[in-house]
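What follows is one structure encoded as structure tokens, with my remarks underneath.
The values are calculated or read from the model by the stated rules, or taken from the named source; none is laboratory data. Source: prediction; values computed, not measured. To get the accessible areas, we keep the full protein, side chains included, count just its heavy atoms, and leave off ligands, DNA and RNA. Shrake-Rupley method; radii C 1.70, N 1.55, O 1.52, S 1.80 Å.
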Amino acid sequence: MDNLDAVLMRLAHAPVPESLDGIEARVLARISAPPVARVGMGFGAMTIAAALVMGIFGAGVPAKEASAASLLFPLGPVSPLAPSTLLIGTP
């Protein structure tokens, strides 16, 4: 393996590739250019319509009846989630 300093010195003295000539100007021109809209109004309107349909359908058709969850207290005296219960089997 070559010495790192020697490799970096060769790289510093190497000629600049033609493709990199003027790259700063091209990059700054692309940054300063105003953004171009690439999607038409039809796509936006279709997206809004789909969102409205999904919202109306989701609000009108519930997935299932809501019910209260079971009472689990992980830090209570007799809890199925206590570490002693999980490791040994019973408190």
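Per-structure values
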item	result
Note, ³J(HN,Hα) from phi for segment 18-32, Karplus 6.51, -1.76, 1.60, rounded to Hz, x at Gly and Pro	4, 5, 8, 5, x, 5, 4, 5, 5, 5, 5, 5, 5, 5, 7
Exposure ranking of Arg10, Arg30 by accessible area [1.4 Å probe, largest first]	Arg30, Arg10
Most to least accessible of Ile23, Ile48 (protein chains only, probe 1.4 Å)	Ile48, Ile23
Solvent-accessible ranking of Glu18, Glu24, largest area first, probe 1.4 Å	Glu18, Glu24
